1. Regarding L49, is this residue touching a residue at least 60 places away in the same chain (Cβ under 8 Å) and among the aliphatic types (A, V, I, L, M)?
2. Condition first: small (G, A, S), surrounded by fewer than 15 Cβ atoms within 10 Å (Cβ to Cβ) and within 22 Å of the chain's Cα centre (by Cα). Now tell me which residues in the stretch 213-260 satisfy that.
3. From the list G89, G60, which one is out of contact with any His (no Cβ under 6 Å at 6 or more places or on another chain) and at pLDDT below 95?
4. Suppose we filter V121, V55, V64 for residues that are β-branched (V, I, T) and within 22 Å of H167 (Cβ to Cβ); which single one remains?
5. Quick one: which helices (runs of 4 or more DSSP H) lie wholly within the stretch 49-132 and hold at least 2 residues that are within 17 Å of the chain's Cα centre (by Cα)?
6. Give the residue that is nearest to V90 (Cα to Cα), with candidates limited to residues of the stretch 19-48 that are in contact with an Asp or Glu (Cβ under 8 Å, 6 or more places away or on another chain) and in a helix (DSSP H, G or I).
7. Just checking: which of the strands (runs of 3 or more DSSP E) contained wholly in the stretch 182-265 hold 2 or more residues that are among the small types (G, A, S) and touching a strand residue (DSSP E or B) at 6+ places or on another chain (Cβ under 6 Å)?
8. Between residues in the stretch 244-259 that are at positive phi and residues that are surrounded by 16 or more Cβ atoms within 10 Å (Cβ to Cβ), which pairs lie under 9 Å by C-beta distance while being six or more apart or on different chains?
Amino acid sequence: MHDRLLIIGGAEDRCCGAGLLDRFAELCGGEQAHVVLVTTATDVPEQVLAEYERVFRKLGIGHVSELRLRGRSDADDDDTAKLIGSATGVFFTGGDQSRLRTLIGSRLNDLLRDRLQDGLVVAGTSAGATAMGRTMILGGEGPDVSAAAVRTGPGLALVPRLLIDMHFGERGRLPRLLSAVALDPDHLGVGLDENTGILVEGNGFEVIGTGAASVVDAEHATVVHPAGDYDPITLFGVRLHLLPAGCLFDFDTRQPAIGPAHDRY
């Protein structure tokens, strides 16, 4: 069984067709699904829970549970392990990704990695999306490509090859993603527009939604770091791919391709 993760750039459609969430519901098993909604990142968990319960019910998901995780002890306890053990899907909501740092290296983190091997579907949107990589983006804005333009920290490492940014086109975050990849060129940078996601399966992904995924590949680039964090980084030979819905990307060859279109999304 391949790992299956749906990583969404934020602001996904939750009413009219709900294409991305519909795909998640289908992958999780529809009426037979048990989805655990991790609301740790948000500061309005009751509101977020009500909204996702409504849309998941509309999409036919049989059972939705909330996992709020107020601290590390919650991420390590038996009740959390039992809940994740019964889930067919886990969905990390948006909010502030720094709140998810308490989960890194926890029993929950290990259990998610293990259960991905036996069919669990994991999804994340916005803050929940960037947390999926080995490194997650914690903040940073502005037009510069420099060490000071991005803040990163350890992520859940559910897709260790990727460094993910979100609300990408809408908030002009290419400089931030370039900065992050320049600091760690082994990563593939993936910037996701709103209402756009990548479905990661096995050794690649498919783009779904209404926007595009931007892939930054610095594997063979020349990177020169200046003396100061606020000085511009020199980057030669960076590859940039723009992948709208239906496009595919292969991790092993680091090559994009035009795949079969999905008219629903």
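1. No.
2. Within the stretch 213-260, the subset small (G, A, S) is 213-214, 218, 221, 227-228, 237, 245-246, 257, 259.
The next check asks that each one be surrounded by fewer than 15 Cβ atoms within 10 Å (Cβ to Cβ); those that pass are 227-228, 237, 257.
The answer is A257, and nothing else.
3. Numbers: G89 fails: at pLDDT below 95.
Answer to the selection: G60.
4. After applying the criteria, what remains is V55.
5. Ranges flagged: 107-116, 127-130.
6. Here the residue is L21.
7. Counting at least 2 such residues, we get 188-192, 204-209, 212-217.
8. Listed by first residue and then by second, the contacts come to G246/E206; G246/V207; G246/I208; G246/Y265; R254/L188; R254/V215; R254/D217.
The values are calculated or read from the model by the stated rules, or taken from the named source; none is laboratory data. Model, not experiment: these values are computed from the prediction. As a convention, Cβ positions derive from the backbone with ideal geometry for all residues, glycine included, and neighbour counts pool all protein chains shown.
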